Amino acid sequence: VQRAGGFKPDAFLSGAFFQRESIKEAEKERLIQASNMLRKELVYASTRVNELGGNSQQTDLTQLLLVLENDIDPVGRLVLDLEKIFSNKSEDLILENEDKLVIPRKAQSVSVIGEIYVPTSHLFQSGNTVNEYISLSGGAKEMTADLDNVYVIKANGSVQLPGSQSGFFRTKSGFI
């Protein structure tokens, strides 16, 4: 980073994207293994339903198998805390060939996706809760949303679950 000229004033270290080829290859292998396992489980479930006298229309797996054949490109992202690394509060990262580090500008938006009425992005407001962002996107779909399993993917790629000590899951009556 120092050889590249250091950080610009508007650098958003918390949103750093670090990509490693060896992690990408390992992810690709795990995706292939998971796809193969799921394919076997679907075929097994299909044969069990047929043995139990199930309707063959119910066991048509064509659509599910097509989903498995879609290529998912692994990312190879390594979640790290650059602020801790550069302040010597965390161990330094040993670089490998083809590692990539992207430091974005500070993000001003929050994207809301999933089983909501209007998946979209909103201007970040420091006091807003997860539920307020969901409401800004039209609210959760009654039949398909699972509000007990809402989570936040932070700018650095880490996942924050309800019950963590962050104020982001704050509600009017306390923390979720």
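The values are calculated or read from the model by the stated rules, or taken from the named source; none is laboratory data. Small disclaimer: the values here were computed from a predicted structure and weren't measured. Here the Cβ is made from the backbone with ideal geometry for all residues, glycine too, and neighbour counts use every protein chain on show. To get the accessible areas, we keep the full protein, side chains included, count just its heavy atoms, and leave off ligands, DNA and RNA. Shrake-Rupley method; radii C 1.70, N 1.55, O 1.52, S 1.80 Å.
Quick rundown of the values:
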| read-out | value |
| --- | --- |
| Selection status of Val67, among the β-branched types (Val, Ile, Thr), at pLDDT below 75 and under 30 Å from Ala155 (Cα atoms) | yes |
| Whichever residue in the range 81-119 is assigned to a strand (DSSP E or B) and touching a helix residue (DSSP H, G or I) at 6+ places or on another chain (Cβ under 8 Å) and, among such residues, is farthest from Tyr133 (Cα to Cα) | Ile116 |
| Conditions (1) at pLDDT below 75; (2) closer than 30 Å to Lys154 by Cα: number failed by Asp99 | (1) |
| Thr120 vs. criteria touching a residue at least 40 places away in the same chain (Cβ under 8 Å) and either open to solvent by 100 Å² or more (accessible area, probe 1.4 Å) or more than 16 Å from Gly157 (Cβ to Cβ) (or both) | no |
| Sole residue being more than 17 Å from the chain's Cα centre (by Cα), surrounded by 12 or more Cβ atoms within 10 Å (Cβ to Cβ), of a type in the set (Asp, Glu) and within 24 Å of Ala11 (Cα to Cα), chosen from Glu83, Glu98, Glu132 | Glu83 |
| Filter result for Arg77 (open to solvent by 50 Å² or more (accessible area, probe 1.4 Å), at pLDDT 85 or above and out of contact with any helix residue (DSSP H, G or I) (no Cβ under 6 Å at 6 or more places or on another chain)) | yes |
| Subset of the range 138-157 [under 27 Å from Val102 (Cβ atoms), out of contact with any helix residue (DSSP H, G or I) (no Cβ under 7 Å at 6 or more places or on another chain) and open to solvent by less than 30 Å² (accessible area, probe 1.4 Å)] | Gly157 |
| Scan of the range 1-35 for residues that are within 17 Å of Ser87 (Cα to Cα) and not in a loop (DSSP other than H, G, I, E, B), ordered by number | Ala11, Leu13, Ser14, Gly15 |
